[in-house]
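Visitor: The structure's right below; bear with me while I get my questions together.
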Amino acid sequence: MAATKTEIALELVRTRSDISSTEKEINDIKWAIIQVQTQQSAAQAIVTGNYPHDRIVVAQQQVAEFIDKENELYRQQNRSRAELQRLKAKETRLQHQLQANMAQEMCPHEAK
């Protein structure tokens, strides 16, 4: 059974809300990446600087942790971008369904 105009419109609203949330998530991840890169640069400066050996060792561990965190954030960002593409395709499909549904209501004799 075909979805009603109301059902399609509600799904379109939900999809647009999901798009907005996903775009915010992508932006938040972008800022988290910048923050981790800044921390990594600071730790790397200690590694290459004139600091006591024990401090350099700790900084080296931090650099490795920051690299791991940055890589995880990039993976998250890629997943979120793929989800955003999926949601935008769904939005387009729902818009077309809604338009077709409305056109059938306007001209019911042409739909037969």
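Visitor: Compute the length gained on full extension between residue 61 and residue 83: take 0.36 nm times their separation in residues and subtract their Cα-Cα distance, giving the result in nm to one decimal.
Guide: 4.6 nm
Visitor: Right, here's the next one. What FRET efficiency do you get for residue 13 and residue 50 if R0 is 35 Å and r is their Cβ-Cβ distance, rounded to the nearest 0.05?
Guide: E(calc), rounded to 0.05, equals 0.05.
Visitor: Additional query: Output the relative contact order of segment 32-112, whole-number percent, from Cα pairs under 8 angstrom with separation of 6+ residues.
Guide: Computed over segment 32-112, the figure is 27 percent.
Visitor: Which order results if 70, 23 are arranged by neighbouring Cβ count within 10 Å, fewest first?
Guide: 23, 70
Visitor: Jot down the radius of gyration and Dmax of segment 35-112, Cα atoms only, both in angstrom.
Guide: Taking only Cα atoms of segment 35-112, I get Rg and Dmax of 26.4, 85 Å.
Visitor: Taking neighbour counts of Cβ atoms within 10 Å as a proxy for exposure, in what order, fewest first, do 18, 68 appear?
Guide: 68, 18
Values in this text are rule-based calculations from the coordinates and carry no lab data. Because the structure is predicted, anything quoted here is derived from the model rather than measured. Cβ: placed from backbone, ideal geometry, glycine included. Neighbour counts: every protein chain shown.
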